[in-house]
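The values are calculated or read from the model by the stated rules, or taken from the named source; none is laboratory data. Predicted model only: the values in this text are computed from it and were never measured. Cβ atoms come from the backbone with ideal geometry, glycine included; neighbour counts cover every protein chain shown.
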Amino acid sequence: MKRLQAAGSALALALMLGVPAVPASAGEAVNLILNWTPTADHSPFYYAKAQGWYEKAGIDLTIEVGKGSGVSAAKVGSGVSAAKVGSGGSPFGIADLATMLVAKSKGADDVALMSIYANTGQTFYWLKSYGVNGVKDFPSQKIGNPPGDASRVMWPAFAKAAGIAPDAVSFVNIGPTAKIAALKSYTVDIISDFYNEHDLKVIEFGPDLGFVNWKDIGLNPYGNSLIVNGAYLQKNPKLVEEFVRISQKAFAACVADVTPCLKALLDQVSGLDKENQERQWERIKYLMTDEFTTTKGLGWIDGERMKKDYELVQTYLGMEKPFDVSTAFTTKMLDPAVKMDASKVKK
């Protein structure tokens, strides 16, 4: 009887205070697998999570460190990771869109929701003092990058656009954090990296640094983007829309003021240098900006550009099973009122 009285008293007190008498049900468990280890371009996701935006929308978000776009976009069967968007192992992911198209042709059930890099971040770096002065000097050189790196997957496209035989170079497996050390020690002759890491190399190598962004040779496919498993999208359209719009809102907030976003990132991820991440974010804002993200909506994916990306992949890599590229992306989840602020981008 005393227990019943105590329970009744607790219930009455809860009602008086406006507190639920029973714990609120947990939000929908949602996993986001990153393309690599977390850096500044992932900070909006950490910021939105720290602000409780996902939680308020009923989303219990887990952010998982990835091992390359080829991993986060590929279909299960490669044996590299079980948490892959294309197989349904993870509902959301970050992946290079050209790499995602390759995976989709192999059966991965992927749909792009929002571009993060409207311009390609893919860049090759080298040291002039080692005899490399441009793309024409790439043959016979060793390129260092991880095996799942998007630039390695898409190398045949770069090689053909640059007039180089695809087999003219050799690849050396190095970790994402070991690229500068490998170049400095001449373990490799060239490294691939995202343009957002540009300043770190400028500081390290100064005028000896040479580089070429893929855009410079006429290749500008969409870069890292937010993707979703197609079956998950069909089953949970409202949740996906909430997730996209919260993420879009977070990116806009970070463009306006990156300080709290980087704090959220650094609070959760160890080993990152704050000043380096600040420099990265300035480059990321440039990569986020094009005629569509500034007018149609932050993260907008243009249909004509996607057709060109599809043709790029089909021409240089081939499609195992051709598909209608319009099924590979949607802009319906984006809020057109949230646009990229070009005034925040340094020229």
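At-a-glance table
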| item | result |
| --- | --- |
| Checking LYS263 against (1) modelled with pLDDT of 95 or more; (2) assigned to a loop (DSSP other than H, G, I, E, B), the condition it does not meet | (2) |
| Output for region 171-182, where each listed residue is surrounded by 14 or more Cβ atoms within 10 Å (Cβ to Cβ) and closer than 19 Å to PRO139 by Cα | PHE171, VAL172, ALA182 |
| Members of region 142-157 found to be in a helix (DSSP H, G or I), in contact with a helix residue (DSSP H, G or I) (Cβ under 6 Å, 6 or more places away or on another chain) and farther than 16 Å from TYR195 by Cα, listed by number | VAL153, PRO156, ALA157 |
| Qualifying residue in region 332-346 (condition: in contact with a strand residue (DSSP E or B) (Cβ under 7 Å, 6 or more places away or on another chain), more than 12 Å from LEU101 (Cβ to Cβ) and either modelled with pLDDT under 95 or in the same structural domain as ALA252 (by TED's automatic domain parsing) (or both)) | yes |
| When residues of region 183-203 are limited to those that are on the phi < 0 side of the Ramachandran plot and over 25 Å from the mean Cα position of the chain (by Cα), the one surrounded by the fewest Cβ atoms within 10 Å (Cβ to Cβ) | SER185 |
| Checklist (1) outside any helix (DSSP H, G or I); (2) among the polar types (S, T, N, Q); (3) at pLDDT 95 or above applied to GLN277, failing item | (1) |
| Helices (runs of 4 or more DSSP H) wholly inside region 37-122 containing at least 3 residues that are at pLDDT 95 or above | 43-50, 53-56 |
| Conditions (1) of a type in the set (Asp, Glu); (2) in contact (Cβ under 8 Å) with a residue 40 or more places away in the chain; (3) closer than 20 Å to MET154 by Cβ: number failed by GLU311 | (2) |
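Rundown of residues vs (1) more than 15 Å from PRO221 (Cβ to Cβ); (2) crowded, with 20+ Cβ neighbours inside 10 Å; (3) not basic (Lys, Arg), yes/no style:
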position	(1), (2), (3)
LYS274	yes, no, no
ILE284	yes, yes, yes
LEU287	no, yes, yes
THR295	yes, no, yes
